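Q: My questions will all concern the structure given below.
The values are calculated or read from the model by the stated rules, or taken from the named source; none is laboratory data. Source: prediction; values computed, not measured. Glycine gets a Cβ as well: all are built from the backbone with ideal geometry, and neighbour counts include every protein chain shown.
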Amino acid sequence: MTPNTEFRAGAIAPMECLKAGWATIKDRYWLFLGITLVAMLIGGAVPIVVIGPMMCGLYLCLFAKMRGEQVQFDQLFKGFDYFVPGLVAAAIQTVPILILVIAADAIYFVFMFAIMPHDRYSRGQAPPPVFFLGLIVFVLFVMIVSLTIHTLFLFAYPLIVDRKLSGWDAIKTSYRAAVKNIGGIVGLILLNVGLGIVGVICCYVGVFFVMPVSFAAYAVAYRQVFPEVSQNFASPPPPPGNWAA
């Protein structure tokens with residue numbers, strides 16, 4: 001059977017996603033906090049290789065909660081049922097960032113080495129202003145590249161578990177859907193970044209407490225763009241948004 005990859009365009013309302021995400025998990029918040037922290041810790045321990053299955057497991061738990069099903073902690077590890085597609089999706093998202101960061105890092109340090117004073121009389125002086133300008137440009141470059149990839153491939157892991165797509169097909173479908181919903185996705189990401197900043201201000205540990213809400217909001221956004229497969233796609237969808245494939 002060919003997976004249904006139809007989606008709605010212009011369907012994401014950022015603030016509604018955030019509110020609905022919180023409403024989804026608030027009665028099991030501590031469970032989802034634990035699930036999210038373990039997913040991030042294990043996924044970060046073995047980058048690329050394990051992050052895909054962990055994200056798949058996290059979205060499996062979120063979708064089950066959205067359907068009103070009972071969620072258990074061990075459901076997180078069912079993400080390993082999607083190990084290969086999750087690995088492919090993670091590699092496609094992560095490897096380009098690593099290559100670009102390494103290349104930019106090399107260029108940055110060569111540039112800094114070229115402009116820094118090398119004689120013994122100037123070594124105690126403060127770095128020239130261009131040093132700080134270069135650092136700012138480097139950080140902004142990494143942030144923009146990471147944000148762009150995160151935006152375009154936001155739906156990759158949900159598509160793997162919800163539509164049973166391969167890693168490559170999930171990446172392609174996520175890209176098409178993201179382009180048609182770019183304003184809503186960027187707005188939602190910025191809202192979550194704002195929450196993260198508030199969390200950092202709250203002794204940094206607060207950032208961990210907002211992570212489950214952020215992922216739940218992304219799951220709600222996905223469902224606004226990709227309704228349940230059992231829905232009748234022939235009937236008119238609720239506004240706003242248009243169908244695309």
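Q: What are the residue pairs meeting all of these: first residue in the range 90-109, first residue of a type in the set (Asp, Glu), second residue assigned to a helix (DSSP H, G or I) and surrounded by 12 or more Cβ atoms within 10 Å (Cβ to Cβ), Cβ atoms under 8 Å, and 6 or more apart or on different chains?
A: Filtered contacts from the range 90-109: Asp105/Phe138.
Q: Here's a check for you: in the range 8-56, which residue that is more than 22 Å from Arg223 (Cα to Cα) and free of Cβ contacts under 8 Å to residues at least 12 places away in the same chain is surrounded by the most Cβ atoms within 10 Å (Cβ to Cβ)?
A: Val50
Q: A further question on this structure: Could you list, in sequence order, all residues of the range 45-59 that are over 15 Å from the mean Cα position of the chain (by Cα) and assigned to a helix (DSSP H, G or I)?
A: Ala45
Q: Which numbered condition trips up Arg67, out of (1) of a type in the set (D, E, K, R); (2) loosely packed, with under 14 Cβ neighbours inside 10 Å; (3) over 18 Å from Ile160 (Cβ atoms)?
A: All conditions are met except number (3).
Residues checked against (1) of a type outside the set (S, T, N, Q); (2) touching a helix residue (DSSP H, G or I) at 6+ places or on another chain (Cβ under 6 Å); (3) at pLDDT 75 or above:
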{"site": "Val200", "(1), (2), (3)": "yes, yes, yes"}
{"site": "Phe209", "(1), (2), (3)": "yes, no, yes"}
{"site": "Ser214", "(1), (2), (3)": "no, yes, yes"}
{"site": "Ala217", "(1), (2), (3)": "yes, yes, yes"}
{"site": "Gln224", "(1), (2), (3)": "no, no, yes"}
{"site": "Phe233", "(1), (2), (3)": "yes, no, no"}
{"site": "Gly241", "(1), (2), (3)": "yes, no, no"}
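Q: Would you pick out the residues in the range 121-170 that are within 16 Å of Ala91 (Cβ to Cβ), surrounded by fewer than 19 Cβ atoms within 10 Å (Cβ to Cβ) and either more than 19 Å from the chain's Cα centre (by Cα) or at pLDDT 95 or above (or both)?
A: Answer for the range 121-170, where residues must be within 16 Å of Ala91 (Cβ to Cβ), surrounded by fewer than 19 Cβ atoms within 10 Å (Cβ to Cβ) and either more than 19 Å from the chain's Cα centre (by Cα) or at pLDDT 95 or above (or both): Ser166, Trp168.
Q: From the list Ile25, Ile35, Ile12, Ile42, pick out the single residue that is part of a loop (DSSP other than H, G, I, E, B) and under 19 Å from Tyr157 (Cβ atoms).
A: Ile12
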